[in-house]
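*Asks:* Would you mind keeping the following structure in view while I ask a few things?
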Amino acid sequence: MPEIILHHYETSPFAELIRVALGVKQLRWRSVIIPNMMPKPQLVELTGGYARTPVLQIDAEIYCDTAAIMDALEALHPSPSLYPAPLGQLHRMIAGWAGAGQFGAHVGAAMRSIPPGVLAPGFAEDRKRRFVGFDFDQMPVVAPHLETQVTANADWLEQTLNDGRAFIGGDAPGHGDLALYMNLWFLTAMPFAKEFADGIFARPALAAWFGRVRAIGHGEVIESNADEAIAVAAAATPADISGPVEVGQTVGHPVRIKTETSGDDPVAGALLRCESGGITIRREGAQAGPVNVHFPRIGQIVIAG
Ligand SMILES: N[C@@H](CCC(=O)N[C@@H](CS)C(=O)NCC(=O)O)C(=O)O
C-alpha cells in the first residue's frame, strides 16, 4: 500500500475528522504538522494555493478538503466503509451540515470566552481575511446565537441516538458520525467553554456516542515532516486521469479552482476531471514536480483560463 501522508495540526476539527477516519480503517499514516495560519509555503508547494487544513497526500496525489480525502481513503481501503448502509451517501449530506454553519457555530461557542492575548499574533486577522464573514471581534455579539445553534444540533443528535443505536445510522460509524463528532470534539479540545460544553455533554445518549467515536482512535501514526512529504511527491508519478469533464470543459485546458467563501488563492492547473464525484487538476511544483490536485465538486468554483 502507498504511503498516506496527512498534513494537519492538532487542534483542527476537520483534521480530527480525518484522523478518526484513518482509525476506522485502522491505517498506518505519516503525520506532517503544518502551521495553523498563513504563510504555509511547503503545503502550498504541494497544493498550488489551497491552504486549508487538512490536506492528504498519497504519493503525487494531493487531496484538498475532507470530502475529497474521505473518497481517497475509501478508494484505497474500501472496508470498513465510511459510508455504511443504511445511510450510505446520506453520510455526505450530514457531513455537509456539520461542516458548514454548524462548524462555525461550534468554533464560536468554543472560543467565545477566549482570554485576551491567548490567540497568536496575527491569528484573528488571518481568519478574518481567509474565512468570508468570520470576525473574532464580533464574537461577543454573535456567540449567544451560535450557542443556540449548537444546542439545537445536540438535541437532534440526542433524539436520534435515544433509541439505543450505536452510531447515527446503526451499528457502524460513517462520515456523518465523524463530522458531527469533530465539532463536539472541538468544544472539549478548547478549555474556554467548559461550562457550556458540560451542558451539551449532559445528554446521555450523545455523550455515550461521543465516547464510542473517540474510542475508534487514529490508526497508527508515524511522525514525518514537510521536506519528506515533498520528496515523496517528487519521487512519484501522478496518476494518468482523463475525464470525465462537464459540458463546455475540455481535458487538458487551463483552469483555476477557487474554494467558495475562502480568501485563499485559487489553484491553477490543467483540468483532468470534473464531475459530481470530484475535480482533479495537474500542476507542477518547483520542488514537488508534477502532481494531481484533487477537490470535491461541492464547494469549488471552476474558472476557465
Ligand atoms: N471544507 C473544508 C474545511 C476545512 C477548514 O476550514 N479547516 C480549518 C481548520 S479546522 C482551516 O483550514 N483553518 C485555517 C487554516 O488551517 O489555516 C474541509 O472539509 O476540509
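The values are calculated or read from the model by the stated rules, or taken from the named source; none is laboratory data. From a predicted model like this one, the values you see are computed outputs, not experimental measurements. FYI the Cβ positions are ideal-geometry reconstructions off the backbone, even for glycines, and counts take in every protein chain you see. All accessible areas refer to the heavy atoms of the entire protein, side chains included, with ligands and DNA or RNA removed. Shrake-Rupley method; radii C 1.70, N 1.55, O 1.52, S 1.80 Å.
*Asks:* If you check Pro39, Pro2, which single one turns out to be modelled with pLDDT of 95 or more, surrounded by fewer than 20 Cβ atoms within 10 Å (Cβ to Cβ) and not in a helix (DSSP H, G or I)?
*Replies:* Details: Pro2 fails: modelled with pLDDT of 95 or more.
That would be Pro39, the only listed residue that is modelled with pLDDT of 95 or more, surrounded by fewer than 20 Cβ atoms within 10 Å (Cβ to Cβ) and not in a helix (DSSP H, G or I).
*Asks:* Which residues, counting only those in segment 165-191, are surrounded by fewer than 16 Cβ atoms within 10 Å (Cβ to Cβ), under 16 Å from Pro13 (Cα atoms) and in contact (Cβ under 8 Å) with a residue 60 or more places away in the chain?
*Replies:* Ala189
Conditions tested, residue by residue: (1) among the charged types (D, E, K, R); (2) open to solvent by less than 40 Å² (accessible area, probe 1.4 Å).
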position	(1), (2)
Ala239	no, no
Glu246	yes, no
His253	no, no
Ile257	no, yes
Ser262	no, yes
Ile281	no, yes
Gly285	no, yes
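*Asks:* Would you tally the residues in segment 55-64 being surrounded by fewer than 24 Cβ atoms within 10 Å (Cβ to Cβ) and either among the small types (Gly, Ala, Ser) or within 15 Å of the ligand (Cβ to nearest atom) (or both)?
*Replies:* 1
*Asks:* Under 8 Å between Cβ atoms, which residue pairs at least 6 apart in sequence (or on different chains) link something in segment 121-137 that is open to solvent by 40 Å² or more (accessible area, probe 1.4 Å) with a partner that is away from the ligand (no atom under 11 Å from the Cβ) and in a helix (DSSP H, G or I)?
*Replies:* Lys128/Phe136; Phe134/Lys128; Asp137/Ala124
*Asks:* Then there's this: Identify all residues within segment 5-36 that are β-branched (Val, Ile, Thr), open to solvent by 10 Å² or more (accessible area, probe 1.4 Å) and within 12 Å of the ligand (Cβ to nearest atom); write none if there are none.
*Replies:* Taking segment 5-36 as the starting set, the residues that turn out to be β-branched (Val, Ile, Thr) are 5, 11, 18, 20, 24, 32-34.
Checking which are open to solvent by 10 Å² or more (accessible area, probe 1.4 Å) leaves us with 11, 24, 33-34.
Hits for segment 5-36 are Thr11, Ile33, Ile34.
*Asks:* Just give me the residues in segment 218-235 being among the β-branched types (Val, Ile, Thr), more than 12 Å from Leu46 (Cα to Cα) and open to solvent by less than 60 Å² (accessible area, probe 1.4 Å), in sequence order.
*Replies:* Once the filter is applied, which keeps residues that are among the β-branched types (Val, Ile, Thr), more than 12 Å from Leu46 (Cα to Cα) and open to solvent by less than 60 Å² (accessible area, probe 1.4 Å), segment 218-235 yields only Ile222.
Yes or no, residue by residue, for (1) assigned to a helix (DSSP H, G or I); (2) modelled with pLDDT of 95 or more; (3) more than 17 Å from the chain's Cα centre (by Cα):
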site: Ala172; (1), (2), (3): no, yes, yes
site: Ala179; (1), (2), (3): yes, yes, no
site: Ala193; (1), (2), (3): yes, no, yes
site: Val221; (1), (2), (3): no, yes, yes
site: Ala231; (1), (2), (3): yes, yes, yes
site: Val245; (1), (2), (3): no, yes, yes
site: Thr250; (1), (2), (3): no, yes, yes
site: Asp265; (1), (2), (3): no, no, yes
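*Asks:* When you look at Pro115, is it more than 15 Å from the ligand (Cβ to nearest atom), over 17 Å from the mean Cα position of the chain (by Cα) and within 27 Å of Arg273 (Cα to Cα), yes or no?
*Replies:* So Pro115 does not fit the description; no.
*Asks:* If I go through segment 252-262 residue by residue, how many of them are in a strand (DSSP E or B) and within 16 Å of the ligand (Cβ to nearest atom)?
*Replies:* 4
*Asks:* Given (1) within 24 Å of the chain's Cα centre (by Cα); (2) of a type in the set (D, E, K, R); (3) outside any helix (DSSP H, G or I), where does Arg165 come up short, assuming only one miss?
*Replies:* So Arg165 meets the others, but not (1).
*Asks:* List the number of the failed condition for Leu87; all other conditions in (1) open to solvent by 20 Å² or more (accessible area, probe 1.4 Å); (2) within 13 Å of the ligand (Cβ to nearest atom); (3) assigned to a loop (DSSP other than H, G, I, E, B) hold.
*Replies:* (2)
*Asks:* I would also like to ask the following. Which numbered condition trips up Gly49, out of (1) open to solvent by 10 Å² or more (accessible area, probe 1.4 Å); (2) in contact with an Asp or Glu (Cβ under 6 Å, 6 or more places away or on another chain); (3) more than 8 Å from the ligand (Cβ to nearest atom)?
*Replies:* With (1) open to solvent by 10 Å² or more (accessible area, probe 1.4 Å); (2) in contact with an Asp or Glu (Cβ under 6 Å, 6 or more places away or on another chain); (3) more than 8 Å from the ligand (Cβ to nearest atom) applied to Gly49, the lone miss is (1).
*Asks:* Quick one: which of Glu45, Glu16, Glu10 is acidic (Asp, Glu) and assigned to a loop (DSSP other than H, G, I, E, B)? Even if it seems obvious, please write down each step before you answer.
*Replies:* Values: Glu45 fails: assigned to a loop (DSSP other than H, G, I, E, B); Glu16 fails: assigned to a loop (DSSP other than H, G, I, E, B).
Checking each option against the conditions leaves just Glu10.
*Asks:* Under 9 Å between Cβ atoms, at least 6 apart or on separate chains: pull out the pairs that start in segment 79-102 with a residue that is under 8 Å from Gly174 (Cβ atoms) and end on any residue that is aromatic (Phe, Trp, Tyr).
*Replies:* The qualifying pairs are Pro84/Phe167; His91/Tyr83.
*Asks:* Also, I was wondering about something else. For Arg214, which of the numbered conditions (1) among the charged types (D, E, K, R); (2) open to solvent by less than 60 Å² (accessible area, probe 1.4 Å); (3) under 22 Å from the mean Cα position of the chain (by Cα) fails to hold?
*Replies:* So the condition that Arg214 fails would be (2).
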